[in-house]
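First the structure, in the form of structure tokens, and then the observations on it.
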Amino acid sequence: MLKIFGAVGSGSIPIEAMLTLLAIPHEVIEAVTWEDEAARKRVEMVNPLRQVPVLVLPSGEIMTESAAILIYLADLYPHARLAPGPNDPERAQYLRWMTYVSAAIYAFAWIKDDPMRIATSKEDGPRVIDRLHDRIADCWRMMDEQITPGRYILGDELSALDLYVTVISRFGPWRTRFYKSAPKMAEIVRRVDADPRLKEFWAERFPFDEGWER
Ligand SMILES: N[C@@H](CCC(=O)N[C@@H](CS)C(=O)NCC(=O)O)C(=O)O
């Protein structure tokens, strides 16, 4: 069985959402790495970066990096049509934006999880976070301006990219700002939030608690 080191409201969620849509049984090993040193230590055994998500394949092989995991799983189950295939005209933009969300946006989580990793003093921490939030909002804006979506980002079919953006846009600077920065994608992420196939999954793994959009 597939195993995934992950946590409620973390970057493992788009992967867990994909496994839910694919109806693939999997075991989640909960590890709230950004809050808990014991969890970081547990994850370190499989990922020296001490971060989730980590996918453990049935062979025991380890995969880290959320975008790579999503791309890999979607390619492994092409019948589910969660990614444009290698010859699909949307493939280039799919790979471009998957990598962009990971590298230009989600990668800042390492600093946001503990600003003292780069801040020069405790007082400097909030300023660092504010700057990162400005940059992330700007990255969403630039992405939004360059896409021509249908019902979903790449056209009329839900893809791994929609799952990825839906979850990562819930991290700081949070959804209310995302809706302003990225009006085209705002409509799409709301559609994914409301997908009936994911209703129970969201409630369990990334609930829409009071004030969640901020
Ligand atoms: N590049 C990684 C980033 C993973 C990441 O930042 N995970 C966060 C949780 S959402 C984490 O484990 N943070 C703990 C830490 O960095 O100490 C990916 O795309 O999977």
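The values are calculated or read from the model by the stated rules, or taken from the named source; none is laboratory data. Everything numeric here is computed off the predicted structure, so don't read it as measured data. Glycine also receives a Cβ, built like all others from the backbone with ideal geometry; neighbour counts cover every protein chain displayed. Remember, those area values only see protein heavy atoms, side chains included, never the ligands or the DNA or RNA. Shrake-Rupley method; radii C 1.70, N 1.55, O 1.52, S 1.80 Å.
The rows are residues; the columns are (1) within 20 Å of the chain's Cα centre (by Cα); (2) in the same structural domain as I13 (by TED's automatic domain parsing).
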{"position": "E37", "(1), (2)": "no, yes"}
{"position": "V54", "(1), (2)": "yes, yes"}
{"position": "L73", "(1), (2)": "yes, yes"}
{"position": "W110", "(1), (2)": "yes, no"}
{"position": "V128", "(1), (2)": "no, no"}
{"position": "D138", "(1), (2)": "yes, no"}
Fill in: Some residue of segment 125-148 being open to solvent by less than 10 Å² (accessible area, probe 1.4 Å), at pLDDT 95 or above and among the charged types (D, E, K, R)
yes
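Listed here are the residues, each with its yes/no results for (1) farther than 23 Å from L21 by Cβ; (2) within 16 Å of the ligand (Cβ to nearest atom).
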| residue | (1), (2) |
| --- | --- |
| Y94 | no, no |
| A103 | yes, yes |
| I111 | yes, yes |
| E123 | yes, no |
| R127 | yes, no |
| T148 | yes, no |
| E157 | no, no |
Item to complete: Scan segment 25-48 for residues that are assigned to a loop (DSSP other than H, G, I, E, B), without any contact (Cβ under 8 Å) to a residue 40 or more places away in the chain and aliphatic (A, V, I, L, M) and report the count.
Response: 3
Worksheet item: Is segment 177-197 home to any residue that is at pLDDT 95 or above, closer than 24 Å to W34 by Cβ and open to solvent by 70 Å² or more (accessible area, probe 1.4 Å)?
Response: yes
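Tally the residues that are within 13 Å of the ligand (Cβ to nearest atom) and either out of contact with any helix residue (DSSP H, G or I) (no Cβ under 7 Å at 6 or more places or on another chain) or assigned to a helix (DSSP H, G or I) (or both), restricting the search to segment 54-63. Give the derivation first.
Start the filter on segment 54-63 by keeping residues that are within 13 Å of the ligand (Cβ to nearest atom), which leaves 54-55, 62-63.
After this cut, where a residue has to be either out of contact with any helix residue (DSSP H, G or I) (no Cβ under 7 Å at 6 or more places or on another chain) or assigned to a helix (DSSP H, G or I) (or both) as well, the list is 62.
Matching residues across segment 54-63 total 1.
Here is a yes/no grid of residues against (1) closer than 19 Å to I168 by Cα; (2) within 9 Å of the ligand (Cβ to nearest atom); (3) in contact with a Leu (Cβ under 6 Å, 6 or more places away or on another chain):
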{"position": "V52", "(1), (2), (3)": "yes, yes, no"}
{"position": "E65", "(1), (2), (3)": "yes, yes, no"}
{"position": "A68", "(1), (2), (3)": "yes, yes, no"}
{"position": "A74", "(1), (2), (3)": "yes, no, yes"}
{"position": "P78", "(1), (2), (3)": "no, no, no"}
{"position": "F108", "(1), (2), (3)": "yes, yes, yes"}
Discussion item. Let me spell it out: the conditions are (1) hydrophobic (A, V, I, L, M, F, W, C); (2) assigned by TED's automatic domain parsing to the domain that holds R177; (3) open to solvent by 70 Å² or more (accessible area, probe 1.4 Å); (4) farther than 20 Å from Y164 by Cα, and A119 meets all of them except one. Which number is the exception?
Written reply: (3)
